[in-house]
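Okay, so here's the structure we're looking at.
The values are calculated or read from the model by the stated rules, or taken from the named source; none is laboratory data. The shown structure was predicted, so the numbers you read here are calculated from the model rather than taken from an experiment. When we count neighbours, we look across all protein chains shown, and the Cβ atoms used for this are built from the backbone with ideal geometry, even at glycine. For the accessible areas, the whole protein counts, side chains as well, though only heavy atoms, and no ligand, DNA or RNA atoms are used. Shrake-Rupley method; radii C 1.70, N 1.55, O 1.52, S 1.80 Å.
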Amino acid sequence: MLEAMLLELKLRRNEMGDHKVRSVYFGGGTPSLLSIDDLQLFLNAVDEYFDLVPSPEITIEANPDDLTRTYLKDLSKTAVNRLSIGIQSFHDNELKMMNRAHDAVMARAALDQATDLFENLSIDLIYGIPGSNRELWLQNIDTALSYEVPHISSYALTVEPKTALAAFIKKGLIPEVDEDLAEEQFFMLIDRLESSGFVHYELSNFGKKGYFSVNNSAYWQGKPYLGIGPSSHSYDGRCRSWNVRNNSIYIRSIHKGELPVEREELSKTDRYNEMVMTGLRTMWGISLQLVEIEFGNAYKNYLLKQAEEKIQQQLLYIDGDYLHVTKKGKFLCDGIASSLFKLNLK
């Protein structure tokens with residue numbers, strides 16, 4: 001698999017064109033299982049085949065149970081300069097419910113060690129967990145803040161089909177996800193983090209100034225990106241593509257010198273809808289001028305017309321050239337965005 005992914009990097013070395021690489025992100029699974037030597041092979045290949053900006057953001061996702069002091073020390077000697085740690089919760093009962101491999105002791109130990117070696121850290125927290133309450137959630141937030149991490153990503157719990165959690169809920173062993181609880185905890189999170197100096201720069205992301213994710217910001221701003229490995233997605237500004245999911249097919253194709261890729265050219269309306277969805281989720285909002293430049297006056301007028309009702313409901317507002325979601329509308333953001341979509345605009 002690793003050989004195939006390295007070969008794919010070589011096969012796709014010209015796809016970024018004149019774009020300089022500003023971030024490298026090891027994610028989409030458990031990349032912290034890679035040995036330091038394997039990780040270094042990828043870093044060397046990226047450096048060889050692509051044009052990087054000076055000091056690019058290089059992130060690796062990791063689970064707390066994978067982060068030993070030895071691994072972190074060795075990792076700190078590579079070009080990796082940012083860690084994203086899947087903490088999820090500091091309460092054992094919540095971690096067990098979510099079927100996580102780590103416990104609260106491991107979560108704290110990982111952060112104790114990581115904060116000694118890395119300045120740029122992000123952690124994930126989950127809200128809306130069945131059985132949670134205001135006190136437990138505030139404890140999770142305050143424990144995270146005690147480590148002075150500069151970036152926190154937080155998501156509402158989603159119950160995926162055919163998982164242990166879904167089975168427990170179906171059998172009545174665990175209560176269903178409470179939307180009201182999730183909404184309450186979402187706004188508690190915003191208030192607590194903003195009062196602690198964090199900027200709520202994207203719906204699920206909070207960062208201290210200078211610590212916004214370069215990688216994720218590129219997705220939200222519609223910049224090109226290249227994904228390597230099975231199931232990975234890429235985008236060149238007009239066309240979206242994705243690699244086959246099957247590992248064996250992926251490896252065989254790559255070793256034949258063939259890219260196992262499917263492509264979809266986005267229509268004008270698809271690109272407009274994506275701009276609306278991603279733009280509304282961010283603190284920057286949707287530029288009305290950019291909508292007009294990219295798609296024409298008809299799209300801009302359509303957007304403004306569709307937004308009228310949400311503005312009256314104080315879910316959206318216009319500030320200068322930008323359409324934003326209000327604080328009241330943030331929890332409903334994706335639904336609000338879908339009401340602004342267009343399916344068939346000639």
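For region 145-162, the candidate set comprises residues that are at pLDDT 95 or above and aliphatic (A, V, I, L, M); within that set, the residue that is farthest from MET97 (Cα to Cα) is VAL149.
Look at region 5-21: where a residue is within 17 Å of ASN215 (Cβ to Cβ) and a partner is assigned to a strand (DSSP E or B), sitting 6+ places away or on another chain with Cβ atoms under 8 Å, you get LYS20/LEU52; LYS20/VAL53; VAL21/LEU52; VAL21/VAL53; VAL21/PRO56.
Would you confirm whether any residue within region 194-209 is acidic (Asp, Glu) and in a helix (DSSP H, G or I)? Yes, there is a match, as at least one residue in region 194-209 is acidic (Asp, Glu) and in a helix (DSSP H, G or I). The condition (being in a helix (DSSP H, G or I) and not basic (Lys, Arg)) is satisfied by just one residue among ILE126, ILE169: ILE169.
Just so you know, in region 170-191 the residues that are in contact with a Pro (Cβ under 9 Å, 6 or more places away or on another chain) and open to solvent by less than 70 Å² (accessible area, probe 1.4 Å) include one that is modelled with the highest pLDDT, and it is LEU181. Here THR68 clears all of (1) closer than 28 Å to GLU176 by Cα; (2) modelled with pLDDT under 95; (3) of a type in the set (Val, Ile, Thr) except the condition numbered (1). Evaluation of LEU290 against the conditions (1) among the hydrophobic types (A, V, I, L, M, F, W, C); (2) open to solvent by 60 Å² or more (accessible area, probe 1.4 Å); (3) in contact with a Pro (Cβ under 6 Å, 6 or more places away or on another chain) shows that the sole unmet condition is (3). Every test in (1) part of a helix (DSSP H, G or I); (2) out of contact with any helix residue (DSSP H, G or I) (no Cβ under 8 Å at 6 or more places or on another chain); (3) acidic (Asp, Glu) is passed by ASP74 save one, and that test is (2). The residues on offer are GLU194, GLU258, and the sole one that is among the acidic types (Asp, Glu), under 29 Å from LEU332 (Cα atoms) and either open to solvent by 50 Å² or more (accessible area, probe 1.4 Å) or touching a Leu at 6+ places or on another chain (Cβ under 6 Å) (or both) is GLU194.
Scanning region 207-239 for residues that are open to solvent by 40 Å² or more (accessible area, probe 1.4 Å) and over 17 Å from the mean Cα position of the chain (by Cα) yields LYS209, GLY210, ASP236, ARG238. Identify all residues within region 47-82 that are in contact with a Gly (Cβ under 8 Å, 6 or more places away or on another chain) and either open to solvent by 20 Å² or more (accessible area, probe 1.4 Å) or among the basic types (Lys, Arg) (or both); write none if there are none. Hits for region 47-82 are GLU61, ASN63. Mind counting the residues in region 241-277 that are out of contact with any Pro (no Cβ under 8 Å at 6 or more places or on another chain), without any contact (Cβ under 8 Å) to a residue 60 or more places away in the chain, more than 24 Å from LEU303 (Cα to Cα) and not in a helix (DSSP H, G or I)? Looking only at that region, the number is 9.
The set of residues in region 16-46 that are open to solvent by 50 Å² or more (accessible area, probe 1.4 Å), modelled with pLDDT of 95 or more and not in a strand (DSSP E or B) comprises ASP37, GLN40, LEU41, ASN44.
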